1. So ALA271 ticks every box in (1) under 21 Å from the mean Cα position of the chain (by Cα); (2) of a type in the set (A, V, I, L, M); (3) more than 14 Å from the ligand (Cβ to nearest atom) but one. Which box is left unticked?
2. Of all residues in region 99-130 being of a type in the set (S, T, N, Q) and either modelled with pLDDT of 95 or more or surrounded by 12 or more Cβ atoms within 10 Å (Cβ to Cβ) (or both), which is farthest from GLN82 (Cα to Cα)?
3. How many residues, within region 144-163, are more than 9 Å from the ligand (Cβ to nearest atom) and either in a loop (DSSP other than H, G, I, E, B) or surrounded by 24 or more Cβ atoms within 10 Å (Cβ to Cβ) (or both)?
4. Looking only at region 70-88, decide whether some residue is of a type outside the set (Gly, Ala, Ser), closer than 24 Å to MET48 by Cβ, outside the structural domain of THR204 (by TED's automatic domain parsing) and outside any helix (DSSP H, G or I).
5. Would you mind finding the one in ALA321, ALA258 that is over 23 Å from LEU26 (Cβ atoms), of a type in the set (A, V, I, L, M, F, W, C) and touching a Leu at 6+ places or on another chain (Cβ under 6 Å)?
6. Looking at region 313-323, which of its residues are loosely packed, with under 11 Cβ neighbours inside 10 Å and touching a strand residue (DSSP E or B) at 6+ places or on another chain (Cβ under 6 Å)?
7. Consider VAL191 against the criteria (1) in contact with a His (Cβ under 6 Å, 6 or more places away or on another chain); (2) surrounded by 20 or more Cβ atoms within 10 Å (Cβ to Cβ): it satisfies all of them except one. Which criterion is unmet?
8. For region 36-50, enumerate the residues that are more than 16 Å from the ligand (Cβ to nearest atom) and either touching a residue at least 40 places away in the same chain (Cβ under 8 Å) or not in a helix (DSSP H, G or I) (or both).
Amino acid sequence: MHINGKELRTIWFENSTVKIIDQTKLPHQFIIKNLKTIEDAINAIKTMEVRGAPLIGATAAYGLVLSIIEKNDQSFLKKASQDLIKSRPTAINLKWAVDRMMKKLSGVNSKEILKIAIDEANSICEEDISFCKNIGLNGLKIIEEIYMKKKDTVNILTHCNAGWLATIDWGTATSPIYHAHQKGIKVHVWVDETRPRNQGANLTSYELNEEGISNTIIADNTGGILMQRGEVDMCITGTDRTLSTGDVANKVGTYLKALAAYDNKVPFYVALPSSTIDWNLKNFKDIPIEERNSEELSYIEGLDKNNKLTKVLIYPKKSKAMNLAFDITPAKYVTGLITEKGVCEASSEGLKNLFK
Ligand code: MRU
């Protein structure tokens, strides 16, 4: 996808350095940051310079490459893998990527290990790009069907950023939208602002603008009335962890949108690569839900009148705030899962049939 007309990926490896786009500075500043140590990689994940389930998985994979460059030693590598897994708890892609890397690297001869690590991290990225592209082609069919019936602009609501900035390229929820746009189908996106960190407003709207896709930012509470008015044809969100039961964990607020969609008979789709499926957990209550610093709620950052990035307190000084970052949408509210292998029902049967 593009920024200022230039084709980019969200992460790449060059001259023993991992390059990322610092997402904490978007949309006001575009900064490419260098990660040189395992600590840099862990910090980038924790502070959300990189975020989104597939991208934190890829960053963790390259983090292990950096740890080998720093110290080519199996116990250092093991500690790095454990620290990476702890850096953010909800998205399963992080553990998936670390486990995949460690399967290749554990016990490997110190002369060969760096090349094996770089190759595996690169293939995690290449695979994610191809999965996201296929998610787009599979989701495109659903948008096309709505367009054929409606013969007018398809209005799609999305929450958080499950765009290319959350992956390596294409995105998950946005990939069908990009494919529809490229095919000449008229689409318009309702972008949930996504408090407290505003990934919808700061990232999704930004990347859709860069691709020339019509979009409107709405406050998180607006989706319900838009659905009642018939102004939403479908919802597509991403997910940080999908259980084999079809239940999905995603950015907090997703559940409320799914409830409103259910009540208004608006199809609610969740887009994901198979790296986001947790085949082990059976009960959604066991999914670890990240609780982040409450200052993400009480302080807000933006440009002041002099175009300077400024952070301001917006709550009463004495008030307490709490910041749960994810919620769970039970499978019964999900119309379908859009994956790289096709679209299936959000259920054990549906997932089993696709991923035998
Ligand atoms: O806290 P974030 O910004 O990492 O949360 C991201 C999301 O919730 C995305 O919607 C999800 O990771 C799917 S990304 C393709």
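1. Failing condition for ALA271: (3).
2. Of all residues in region 99-130, those of a type in the set (S, T, N, Q) come to 106, 109-110, 122-123, 130.
The next check asks that each one be either modelled with pLDDT of 95 or more or surrounded by 12 or more Cβ atoms within 10 Å (Cβ to Cβ) (or both); those that pass are 106, 122-123, 130.
Working: SER106: 13, ASN122: 21, SER123: 22, SER130: 28 Å.
My answer is SER130.
3. Going residue by residue through region 144-163, those that are more than 9 Å from the ligand (Cβ to nearest atom) are 144-157.
With the extra rule that they be either in a loop (DSSP other than H, G, I, E, B) or surrounded by 24 or more Cβ atoms within 10 Å (Cβ to Cβ) (or both), the set shrinks to 151-153, 156-157.
So the answer is 5.
4. First pass over region 70-88, keeping only residues of a type outside the set (Gly, Ala, Ser): 70-74, 76-79, 82-86, 88.
Those still in the list that are closer than 24 Å to MET48 by Cβ too: 70, 79, 82-86, 88.
Next cut, outside the structural domain of THR204 (by TED's automatic domain parsing) only: 70, 79, 82-86, 88.
Those still in the list that are outside any helix (DSSP H, G or I) too: 88.
Among the residues of region 70-88, at least one is of a type outside the set (Gly, Ala, Ser), closer than 24 Å to MET48 by Cβ, outside the structural domain of THR204 (by TED's automatic domain parsing) and outside any helix (DSSP H, G or I), which makes the answer yes.
5. Values: ALA258 fails: touching a Leu at 6+ places or on another chain (Cβ under 6 Å).
Of the residues listed, the single one that is over 23 Å from LEU26 (Cβ atoms), of a type in the set (A, V, I, L, M, F, W, C) and touching a Leu at 6+ places or on another chain (Cβ under 6 Å) is ALA321.
6. So the first thing to find is which residues in region 313-323 are loosely packed, with under 11 Cβ neighbours inside 10 Å, and the list is 313-314, 316-320, 322.
Of everything in region 313-323, those that are loosely packed, with under 11 Cβ neighbours inside 10 Å and touching a strand residue (DSSP E or B) at 6+ places or on another chain (Cβ under 6 Å) turn out to be LEU313, ILE314.
7. Failed condition: (1).
8. To start, the set of residues in region 36-50 that are more than 16 Å from the ligand (Cβ to nearest atom) comprises 36-40.
Selection gives LYS36, THR37, ILE38.
The values are calculated or read from the model by the stated rules, or taken from the named source; none is laboratory data. This structure is a prediction, so every number in the text was calculated from the model and none was measured. Positions of Cβ are backbone-derived with ideal geometry, glycine not excepted, and every protein chain shown enters the neighbour counts.
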